[in-house]
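Here is the structure we will look at, set down as structure tokens.
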Amino acid sequence: MRVLITGGSGFIGSHLSDAYLERGDEVFIIDDLSTGSFDNIAHLKKHPRFHYTIDSISNQPALAELVDQCDAIFHLAAAVGVKLIVESPVRTIETNVHGTEVVLSLANKKKKKVLVASTSEVYGLSAEVPFREDGNLVMGATTKGRWSYACSKAIDEFLALAYWKEKKMPTVVVRLFNTVGPRQTGQYGMVIPTFVKQALAGRQITVYGDGQQTRCFGYVGDVVGALIKLMDHEDAVGQVFNIGSSEEVTILELANRVKKLTGSESEITFVPYDEAYEEGFEDMPRRVPDISKINALVGFQPKMTLDGILQSVIRFYTEQSPIARNPE
Ligand code: UDP
């Protein structure tokens with residue numbers, strides 16, 4: 001199989017590349033290195049079945065050539081990370097909406113199968129926890145930057161589903177819940193790499209709000225396995241799937257676990273949301289996926305525990321030089 005991964009040098013894209021290469025397949029990636037990093041794919045540079053293009057997906061001729069060469073496409077390229085989204089809403093909206101338009105319209109010319117990565121952010125302020133794929137999406141006001149991410153991704157979902165319904169181009173939509181593991185950077189606000197780096201450096205561990213908000217953290221290896229199974233399954237087409245873990249933890253408990261597992265003396269401090277992001281910032285109090293749909297179709301069940309995930313991230317940052325670890 002020849003797969004194209006947009007955003008292939010990102011955190012998830014690079015792990016997906018590893019998995020396909022291990023299966024014996026041929027991998028093409030395109031990435032503009034905006035939030036991805038060349039370090040993530042440096043170990044694949046000389047692999048005979050790995051081909052990388054450093055370019056934007058809005059460069060249509062470059063993308064068209066890659067689309068033509070491949071059997072299937074994972075569209076992972078997007079603006080991600082709540083901090084980045086709040087700080088750069090124009091970039092978020094343009095990358096997420098325009099980028100997906102380009103990928104889907106090129107794929108449609110040869111009816112290539114496309115899996116579009118969406119996000120659990122689309123559930124927004126919904127209180128119907130655990131979130132089901134057929135549940136309502138509840139967005140906040142447009143004056144609050146965070147919701148531009150959810151809305152741009154919801155448009156991506158509509159567009160992907162519309163291509164299947166109207167043009168019979170096979171598409172699959174996945175809503176990724178908090179996904180973590182080695183190679184994820186804390187640069188765009190993600191909590192686990194941030195806490196681990198803070199703990200290892202003996203700096204304060206910054207818990208936003210009162211720390212009672214909850215999340216479920218899925219291991220990147222489990223998530224990648226689910227993506228491949230969905231791509232392989234004919235009945236996934238035209239559907240939306242949650243992917244994530246159902247082990248729920250408060251952010252305060254997470255900070256304590258990171259502290260314990262690193263043996264750190266770091267102090268845990270509470271930072272108000274207004275200070276951490278922007279005035280009037282809204283967080284979701286709970287985010288838990290219902291994963292019965294993907295479980296029923298492809299037998300998906302996350303294997304890695306939260307402690308296992310934390311240990312893998314701690315190992316990743318411990319193996320990096322102190323210089324690489326310290327700067328924020
Ligand atoms: N968070 C935190 N301290 C940090 C970074 C994040 O307390 O240094 C919180 C954040 O407010 C949210 C949770 O951790 O409630 C998860 O944040 P992340 O950005 O990783 O993902 P989100 O679930 O917000 O998309």
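How large, in Å, is segment 29-94 by the Kirkwood hydrodynamic radius built from its alpha-carbon pairs?
After inverting the pairwise mean of 1/r, the radius is 13.5 Å.
What per residue convex hull volume, in Å³, comes out for segment 190-328 when only alpha-carbon positions are used?
Working: hull volume 17.6 nm³, N = 139.
Value for segment 190-328: 127 Å³ per residue.
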ask   = Relative to the longest principal Cα axis of the chain, at what angle does helix 251-262 sit, 0 to 90 degrees, rounded to 10?
value = 80 degrees
ask   = Can you give the relative contact order of segment 1-146 as a percent, counting alpha carbon pairs under 8 Å and 6+ residues apart?
value = 22 percent
task = Show Trp147, Trp164 ordered by accessible area, largest first, where the area counts protein heavy atoms only and the probe is 1.4 Å.
result = Trp164, Trp147
task = Specify the residue with the greatest mean-square fluctuation among Ala276, Ala79, Ala150, computed from a Gaussian network of the chain linking alpha-carbon atoms under 10 Å apart.
result = Ala276
Over the chain: helical MRE at 222 nm, DSSP H runs n ≥ 4 each giving -39500 (n - 2.57), nearest 500 = -12000 deg cm²/dmol
remark   = Mean projected area (nm²) from the convex hull of Cα positions in segment 82-214 is 9.8 nm²
task = Quote the relative contact order of the chain in percent (integer), defining contacts as alpha-carbon pairs under 8 Å separated by 6+ residues.
result = 17 percent
ask   = Roughly how many debye, to the nearest 20, is the charge dipole of the chain about its Cα centre, given +1 on each Lys and Arg Cβ, -1 on each Asp and Glu Cβ, and no other charges?
value = 680 debye
request  = Let me see the pair-distance distribution of segment 161-203: every alpha carbon pair, 5 Å bin width, integer percents in order.
outcome  = 5, 18, 17, 13, 8, 7, 11, 10, 4, 4, 2, 0
ask   = All other residues with a Cβ under 12 Å from the Cβ of Ile30 taken together, and with Lys, Arg as +1 and Asp, Glu as -1, what is their net charge?
value = -4
note = One finds, for Asp307 and Ala127 with R0 = 22 angstrom and r their Cβ-Cβ distance, a FRET efficiency to the nearest 0.05 of 0.15
note = Expected max-MSF residue from Val240, Val249, Val90 in the GNM of the chain (alpha carbon, under 10 Å) is Val90
For segment 14-81 versus segment 131-203, the gap between their alpha-carbon centres in whole angstrom = 19 Å
request  = Set the Förster distance to 45 Å, then compute FRET efficiency between Lys167 and Thr250 from the Cβ-Cβ distance, nearest 0.05.
outcome  = 0.50
query = Pulled fully out, how much extra length does the chain show between Asp235 and Leu261, if you take 0.36 nm times their separation in residues and subtract their Cα-Cα distance?
reply = 5.2 nm
For the chain, built as a Gaussian network whose Cα springs stay under 10 Å, the top-fluctuating residue of Asn59, Asn136, Asn242 = Asn59
ask   = Hull surface divided by four, with the convex hull built on the Cα atoms of the chain: how many nm²?
value = 15.4 nm²
task = Give the accessible area for His233 in Å² (nearest 10); use a 1.4 Å probe, count only protein heavy atoms, and leave out ligands, DNA and RNA.
result = 50 Å²
task = Would you please give the residues with an amide H less than 5 Å from that of Ile5, counting only those at least 5 places away or on a separate chain, with H modeled from the backbone geometry?
result = Phe28, Ile29, Ile30, Phe74
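The values are calculated or read from the model by the stated rules, or taken from the named source; none is laboratory data. Remember, predicted model here, so these are calculated numbers, not experimental data. Here the Cβ is made from the backbone with ideal geometry for all residues, glycine too, and neighbour counts use every protein chain on show. The accessibility values were calculated without ligands, DNA or RNA, using every heavy atom of the protein model including side chains. Shrake-Rupley method; radii C 1.70, N 1.55, O 1.52, S 1.80 Å.
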